[in-house]
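The values are calculated or read from the model by the stated rules, or taken from the named source; none is laboratory data. In this text, all values refer to a predicted model and were calculated from it rather than measured experimentally. Glycine gets a Cβ as well: all are built from the backbone with ideal geometry, and neighbour counts include every protein chain shown.
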Amino acid sequence: MHRIVYLERESVIAEVRRPAFAHDWIEHPRTLPGEVQARLDGATIAITNKVPIPAEVIAALPDLRMIAVAATGTNIVDLEACKARGIVVSNIQGYAEHTVPEHVLALLLALSRNLLAWRASLQAGRWQQSDQFCLFDHPIRDLHGATLGIIGSGSLGGGVIRLAEAFGMRVLRAERKGATAVRPGYTAFAEVLASADAISLHCPLTPETRGLIGEAELRAMKSSALLINTARGGIVDEAALIRALKAGWIAGAGFDVITAEPPPAGHAMLDPELLALPNFLLTPHVAWASRPAMQTLADQLIDNIEAFVAGAPRNRVA
């Protein structure tokens, strides 16, 4: 009989049905890294969202046969160690194809239309003191007619493209950085950086994408451009981003992810001076978290586990 251990049940607010086969089900509201090995002792199936399962833990779990990742990103699992052991790793795919793109557009709209700056003007009494019906304190840009660069065009990037085109934006799909050839329908990475009015990131965090956007890339963007990141924090060099925002290399940024989550005290991306900037919006990794999306995730999670037990694993990444 399978022993299923859910390491962080509170990371998903949804109804999680029990798999339709004989099993023991153990769930923990949350799990610290140092607790993973003990909690997974004897488990045949582990469920994790953001709790890391590194190679040394995998090596100490001889009964483990599957890791069901309750997310799309799998950088928290040592995939090579799983492949060496024949452990199946499945992730969640396509569940956020509406909620993440909507969050991206919300960030784009808020920054393009300077909503934070307008709110500050209102709070300062500027409208109340105006001699006419409106104010012209801050520039407003339309999305219509602007060029959006998409880096990583899976289901989430595709969802953003659909919404962006509905707003009348011109969309460029970026070819991989450093690629020697450009695929049909794609645009060279450097050209996207140079010509886009906004860039939205939708690639996974891998050794190849870590630090994908650094100082050189930020300086290569238009000074009027916006950078949106709802993917993973490590894709962008945060120190370079902060310099870019303060020095005006780019016009603004909207982020839903940072390198450490939850952030420790003193994390640079939560510096009060940075958060006070009208051209920077940071949300706490919630782009994925609409209630319908979380329920789809929960249903697919159990579908993945049932498929594995039935001998036909789905959504495999290892």
- prompt: Between residues in region 105-128 that are surrounded by 14 or more Cβ atoms within 10 Å (Cβ to Cβ) and residues that are in a helix (DSSP H, G or I), which pairs lie under 6 Å by C-beta distance while being six or more apart or on different chains?
  reply: Leu105/Leu163
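Filtering region 294-308 down to residues that are among the hydrophobic types (A, V, I, L, M, F, W, C) and crowded, with 20+ Cβ neighbours inside 10 Å, which residue is nearest to Ile242 (Cα to Cα)?
Filtering region 294-308 down to residues among the hydrophobic types (A, V, I, L, M, F, W, C) leaves 294, 297-298, 301-302, 305, 307-308.
Remaining after also requiring crowded, with 20+ Cβ neighbours inside 10 Å: 294, 297, 301, 305, 308.
Working: Met294: 32, Leu297: 33, Leu301: 37, Ile305: 41, Phe308: 44 Å.
Here the answer is Met294.
Have a look at Thr230, Thr187 and point out the one that is surrounded by 15 or more Cβ atoms within 10 Å (Cβ to Cβ), touching a Lys or Arg at 6+ places or on another chain (Cβ under 8 Å), in contact (Cβ under 8 Å) with a residue 12 or more places away in the chain and not acidic (Asp, Glu).
On the way: Thr230 fails: touching a Lys or Arg at 6+ places or on another chain (Cβ under 8 Å).
After applying the criteria, what remains is Thr187.
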task: Quick one: Glu217 ticks every box in (1) farther than 19 Å from Leu281 by Cβ; (2) assigned to a loop (DSSP other than H, G, I, E, B) except a single one, so which number is it?
output: (2)
- request: State which residue is surrounded by the most Cβ atoms within 10 Å (Cβ to Cβ) when the search covers only region 77-95 and only residues that are at pLDDT 95 or above, touching a helix residue (DSSP H, G or I) at 6+ places or on another chain (Cβ under 6 Å) and not hydroxyl-bearing (Ser, Thr, Tyr).
  value: Ile92
task: Pick out, from region 27-105, the helices (runs of 4 or more DSSP H) lying fully within it that include 2 or more residues that are more than 27 Å from Glu208 (Cα to Cα) and out of contact with any Gly (no Cβ under 8 Å at 6 or more places or on another chain).
output: 36-40
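Taking the options Ile199, Ile161, Ile213, name whichever one is closer than 30 Å to Asn75 by Cα, free of Cβ contacts under 8 Å to residues at least 24 places away in the same chain and surrounded by 15 or more Cβ atoms within 10 Å (Cβ to Cβ).
Details: Ile199 fails: free of Cβ contacts under 8 Å to residues at least 24 places away in the same chain; Ile213 fails: free of Cβ contacts under 8 Å to residues at least 24 places away in the same chain.
Step by step, each of Ile199, Ile161, Ile213 is checked, and only Ile161 is closer than 30 Å to Asn75 by Cα, free of Cβ contacts under 8 Å to residues at least 24 places away in the same chain and surrounded by 15 or more Cβ atoms within 10 Å (Cβ to Cβ).
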task: For Gly159, work out the one condition from (1) over 18 Å from the mean Cα position of the chain (by Cα); (2) closer than 25 Å to Thr283 by Cα it doesn't fulfil.
output: (1)
